[in-house]
1. Can you give the accessible area per residue of the chain, in Å², using a 1.4 Å probe?
2. For all pairs of alpha-carbon atoms in the chain, what percent lies in each bin of width 10 Å, listed from the first bin to the last filled one?
3. Within the accessible area of the chain, what % is carbon and sulfur when the probe is 1.4 Å and the other protein chains stay in place?
4. For n ≥ 4 DSSP H runs only, could you compute -39500 (n - 2.57) per run for the chain, divide by its residues and tell me the 222 nm figure to the nearest 500?
5. Which lysines, on any chain, are close to K44 with Cα under 23 Å apart, when same-chain ones fewer than 8 places away are left out?
6. Less than 14 Å apart at the alpha-carbon level, and either on another chain or at least 8 residues along: which aspartates and glutamates does that give for K13?
7. Kindly report, to the nearest 10 Å², the accessible surface of E51 as traced by a 1.4 Å probe over protein heavy atoms only.
8. Note the angle between two axes, namely the Cα long axis of helix 36-49 and the longest principal axis of the Cα atoms of the chain, as a number of degrees from 0 to 90, rounded to the nearest 10.
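The values are calculated or read from the model by the stated rules, or taken from the named source; none is laboratory data. If you're wondering where the values come from, they're calculated on a predicted model, not measured in any experiment. The area values use the complete protein model at the heavy-atom level, side chains included, leaving out ligands, DNA and RNA. Shrake-Rupley method; radii C 1.70, N 1.55, O 1.52, S 1.80 Å.
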Amino acid sequence: MNNNYFNYIQPTKWIKLRRTDKLADANNIKSLNKYSDIIHNSAKFYKDNLEGKQIERL
């Protein structure tokens, strides 16, 4: 694994959420970090190969 981890930060002010939004808690962040390499690599692939490009629909 690399050093691309998510960190949990306790909110210090009120945050407006939509009905479908959910703030991550410390356990959610711990679960996300199990997949941090995959998330990082997917984001990098998108940036390197797809960002700013138009994808043609078949």
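1. Accessible surface, normalised per residue, equals 104 Å².
2. 19, 32, 32, 17, 1
3. 54
4. -11500 deg cm²/dmol
5. Within the straight-line limit of under 23 Å, K44 reaches these lysines: K30, K34, K53.
6. Excluding near neighbours in sequence, the set is empty.
7. About 110 Å², rounded to the nearest 10.
8. With rounding to tens, the tilt is 40 degrees.
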